[in-house]
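Working notes for the structure below.
Read-outs: derived from the displayed coordinates by stated rules, not from any lab. The shown structure was predicted, so the numbers you read here are calculated from the model rather than taken from an experiment. All Cβ positions, even for glycine, are placed from backbone atoms using ideal geometry, and neighbour counts span all protein chains on display.
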Amino acid sequence: MIQVGVAAYSGNPEPELVKRCEAFVDELVKRCGRGRLVLLLGGYWGLMRCVVDHALRHGVLVALFPPLDREDVGYPEGVIVIRTSSGPRLRSIYLVKSSDVLVALGGGAGTLQEIVTAYTEAKPVYVLAGTGLATDKAKECIEPYIDERRTVPITFVEDSVHLARLACVEAKMAASRRLPPQHG
């Protein structure tokens with residue numbers, strides 16, 4: 001399985017950003033393969049809902065890590081809801097640690113926190129640029145590295161299709177390192 005964490009805006013997204021995110025999901029499915037891909041998200045509202053709904057239309061497996069106060073909200077049929085009994089910040093750690101790669105599709109403080117968490121956990125990070133959200137402002141502060149540790153580069157990409165290609169390659173490599181050796 002290829003586990004792609006998706007950090008995304010919790011507010012009402014602009015229609016153009018929704019289109020870019022749908023193009024991202026389309027290309028990710030094409031490159032990674034519907035049967036091997038799992039998308040991990042922090043909830044089912046805002047831009048996250050758009051990503052989840054589009055992934056489900058493709059038949060992609062989706063796992064959600066909602067915060068405690070939203071664990072019992074109605075979720076679409078077929079979505080795996082991982083109830084961590086934790087608040088929004090802690091549940092983001094579980095999401096990131098479970099991912100092979102983190103893709104931030106634009107957002108605010110929560111998305112930025114997930115980017116920083118992925119960086120500190122040495123998870124590859126790709127960020128959709130040009131969204132008009134707070135993650136755009138962070139580019140000059142955190143690209144390619146947040147600090148002197150240089151754990152992993154943080155890559156900002158304008159084109160959502162190219163973003164999906166890069167993320168899929170990275171996720172496949174990470175997933176292959178995670179698999180136990182095959183004995184034959």
Stretchable slack from ASP136 to ASP53, in nm (0.36 nm times residue separation minus alpha-carbon distance):
27.4 nm
Measuring from label point to label point, each 7 Å out along Cα→Cβ, what is the ARG150 to ARG36 span in nm?
3.1
If you look for lysine pairs in segment 57-184 that are eight or more places apart or on different chains, how many of them have Cα atoms under 18 Å apart?
4
Tail fraction, Cα-Cα pairs, segment 58-160, threshold 19 Å, whole percent:
48
Given the convex hull over the Cα atoms of the chain, what projected area results after averaging over all orientations, in nm²?
10.6
Of the DSSP H helices in the chain, the ones reaching 24 Å or more along their long axis in Cα terms and averaging at least -0.5 in Kyte-Doolittle hydropathy are 15-32, 160-178
What percentages make up the Cα-Cα pair-distance distribution of segment 90-142 when the bins are 10 Å wide from 0?
27, 58, 15
Fewest Cβ neighbours within 10 Å first, please rank HIS162, HIS54 accordingly.
HIS162, HIS54
What 222 nm value per residue comes from the helices of the chain, counting each DSSP H run with n ≥ 4 as -39,500 (n - 2.57) and dividing by all residues, nearest 500 deg cm²/dmol?
-13500 deg cm²/dmol
Working from the alpha-carbon coordinates of segment 1-81, get Rg over Rh, Rh being the Kirkwood radius.
0.94
Which whole-number value in Å³ per residue fits the convex hull of the alpha carbons of segment 110-184?
96
